[in-house]
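Working notes, structure below.
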Amino acid sequence: MNFLITGAAGFLGSALANQLALECHHVRGLDDLSTGDPQALVPDVHFTRGDVSDRPKLWTLLQDVDCVYHLAARVAVPESIIYPRDYNAVNVGGTVALMEAMRDVGVRRVVFISSGAVYGDNQEQPLKESARPNPSSPYAVSKLAAEYYVRTIGGLWGIETVSLRVFNAYGPGQHLPPSHPPVVMNMLRQTLRGGTVVIHGDGMQTRDYVFVDDVVRAMIAAATAPHLDNLVINVGFGVETSVKELLAVVLSIINSKVEIVYNTRTEAGVSRMRADLTLAAEKLGYIPRIPLAEGLRLTLERDARFRDLYKNKR
Ligand code: NAD
């Protein structure tokens with residue numbers, strides 16, 4: 001099949017692109033490299049640098065494409081609170097621009113990578129797709145708005161759509177910005193270095209951590225599985241883990257002495273998150289395979305930023 005992946009040089013986009021190329025599909029990747037790295041891509045992926053709202057570029061890249069994966073987005077929750085207009089422009093505006101270009105060229109299917117963040121603080125755990133969205137950041141609002149656009153426009157224009165609400169993905173290659181690093185990667189880095197591990201809030205907040213390879217399998221299934229049109233489907237591991245528990249698992253893998261500091265001045269964010277995966281199993285045949293401890297070990301072994309330090313601290 002012929003695919004276009006937006007956000008292809010990012011963490012999830014590059015893992016997906018490389019796996020599809022390995023399976024002998026024709027893969028084009030688009031990314032503006034605002035955070036992505038094209039060196040993460042295998043040579044078989046045809047990479048173009050560009051903005052997801054660049055319609056002439058999209059018209060060219062969409063020729064003969066069977067399915068689009070739309071991952072290009074701004075993804076940092078704290079940053080979105082400072083720059084909501086930028087998040088709206090890229091995450092919502094970029095999605096609408098892509099859908100218009102798909103309509104113009106006649107592409108029939110899009111897999112939109114949405115987020116578990118759209119549920120926000122929610123009593124209905126585990127979170128079923130029918131739970132009422134309750135976004136608590138501009139990032140989450142932008143993902144929800146984009147999801148509604150994809151589904152509504154898709155329905156009106158005869159484009160098949162499926163939206164995957166991915167929970168907290170982690171794994172090798174995940175971007176580690178100094179100002180707002182993702183929790184798993186940051187905790188691995190801090191623990192490897194020794195010294196202080198900072199936990200925001202009381203550490204009791206839970207997330208559903210899912211390893212990148214599991215997410216990639218769900219994304220690949222979504223391109224071809226039948227009867228998905230207009231559906232929203234959760235992708236997680238289906239287990240709730242508190243930040244304190246995450247640290248305990250990390251310390252069971254990395255031999256390091258750390259001092260834990262609770263930073264109660266910062267918000268812990270949403271208090272609980274766990275995905276109900278019934279629909280993913282039924283529609284995508286998706287059963288997550290990689291438990292947290294194994295996923296963390298794989299991350300430490302595969303990620304060049306961690307590998308050498310980890311060798312000395314097993
Ligand atoms: P990422 O930042 O590594 O990937 C996003 C990519 O989009 C980057 O390579 C970036 O350069 C690119 N990009 C940003 N703005 C662009 C623009 N205007 N035009 C073209 N490219 C642009 O983040 P990720 O974690 O790989 O996230 C990928 C997608 O998955 C995002 O849509 C995100 O909302 C979604 N998601 C991620 C997670 C997670 O835990 N990683 C969870 C839920 C949803």
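The values are calculated or read from the model by the stated rules, or taken from the named source; none is laboratory data. In this text the structure is predicted, and so the values were computed from the model without any measurement. Neighbour counts are summed over all protein chains in view; Cβ atoms, including those assigned to glycine, are modelled from backbone coordinates with ideal geometry.
For first residues located in segment 104-131 and closer than 26 Å to residue 58 by Cβ, partners that are part of a loop (DSSP other than H, G, I, E, B) and lie 6+ apart or on another chain with Cβ distances below 6 Å form the pairs 105/62; 107/62; 107/65; 113/71; 118/133; 118/135. Screening segment 108-124 for residues that are at pLDDT 95 or above and more than 13 Å from the ligand (Cβ to nearest atom) and picking the one that is farthest from residue 75 (Cα to Cα) gives 108. Test residue 201 against the criterion of being more than 24 Å from residue 93 (Cβ to Cβ), more than 12 Å from the ligand (Cβ to nearest atom) and surrounded by fewer than 20 Cβ atoms within 10 Å (Cβ to Cβ), and give yes or no. Considered against the rule, which asks whether it is more than 24 Å from residue 93 (Cβ to Cβ), more than 12 Å from the ligand (Cβ to nearest atom) and surrounded by fewer than 20 Cβ atoms within 10 Å (Cβ to Cβ), residue 201 comes out as yes. In the set (1) part of a loop (DSSP other than H, G, I, E, B); (2) more than 16 Å from the ligand (Cβ to nearest atom); (3) surrounded by fewer than 19 Cβ atoms within 10 Å (Cβ to Cβ), residue 103 fails one condition alone, (1).
Listed here are the residues, each with its yes/no results for (1) crowded, with 16+ Cβ neighbours inside 10 Å; (2) at positive phi; (3) touching a residue at least 60 places away in the same chain (Cβ under 8 Å).
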position: 209; (1), (2), (3): yes, no, yes
position: 246; (1), (2), (3): yes, no, yes
position: 257; (1), (2), (3): no, no, yes
position: 260; (1), (2), (3): no, no, yes
position: 265; (1), (2), (3): no, no, no
position: 296; (1), (2), (3): yes, no, yes
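If we keep just the residues of segment 76-90 that are buried (at least 16 other Cβ atoms within 10 Å of the Cβ) and near the ligand (Cβ under 9 Å from one of its atoms), which is farthest from residue 104 (Cα to Cα)? Looking at residues that are buried (at least 16 other Cβ atoms within 10 Å of the Cβ) and near the ligand (Cβ under 9 Å from one of its atoms), I get 76.
Contact map, segment 67-85: residues that are modelled with pLDDT under 95 paired with residues that are within 7 Å of the ligand (Cβ to nearest atom), Cβ distance under 8 Å, separation 6+ or inter-chain. Pairs shown: 77/117. Scanning segment 50-75 for residues that are assigned to a helix (DSSP H, G or I), more than 12 Å from the ligand (Cβ to nearest atom) and either closer than 20 Å to residue 36 by Cβ or of a type in the set (Lys, Arg) (or both) gives 55, 60.
Taken over segment 24-39, the criterion of being touching a residue at least 40 places away in the same chain (Cβ under 8 Å) and either more than 9 Å from the ligand (Cβ to nearest atom) or within 21 Å of residue 64 (Cβ to Cβ) (or both) is satisfied by 30, 31. Among the residues of segment 122-145, not a single one is touching a helix residue (DSSP H, G or I) at 6+ places or on another chain (Cβ under 6 Å), β-branched (Val, Ile, Thr) and at negative phi.
When restricted to residues that are crowded, with 18+ Cβ neighbours inside 10 Å and among the β-branched types (Val, Ile, Thr), segment 177-198 contains 4. Could you grab me the full set of residues in segment 149-176 that are crowded, with 17+ Cβ neighbours inside 10 Å and more than 17 Å from residue 219 (Cβ to Cβ)? Matches in segment 149-176: 149, 151, 153, 154, 159. Would you say residue 17 is touching a helix residue (DSSP H, G or I) at 6+ places or on another chain (Cβ under 9 Å), near the ligand (Cβ under 8 Å from one of its atoms) and not in a strand (DSSP E or B)? Against the criterion (touching a helix residue (DSSP H, G or I) at 6+ places or on another chain (Cβ under 9 Å), near the ligand (Cβ under 8 Å from one of its atoms) and not in a strand (DSSP E or B)), residue 17 does not qualify. Just one of (1) farther than 25 Å from residue 129 by Cα; (2) touching a Ser or Thr at 6+ places or on another chain (Cβ under 9 Å) fails for residue 263. It is (2).
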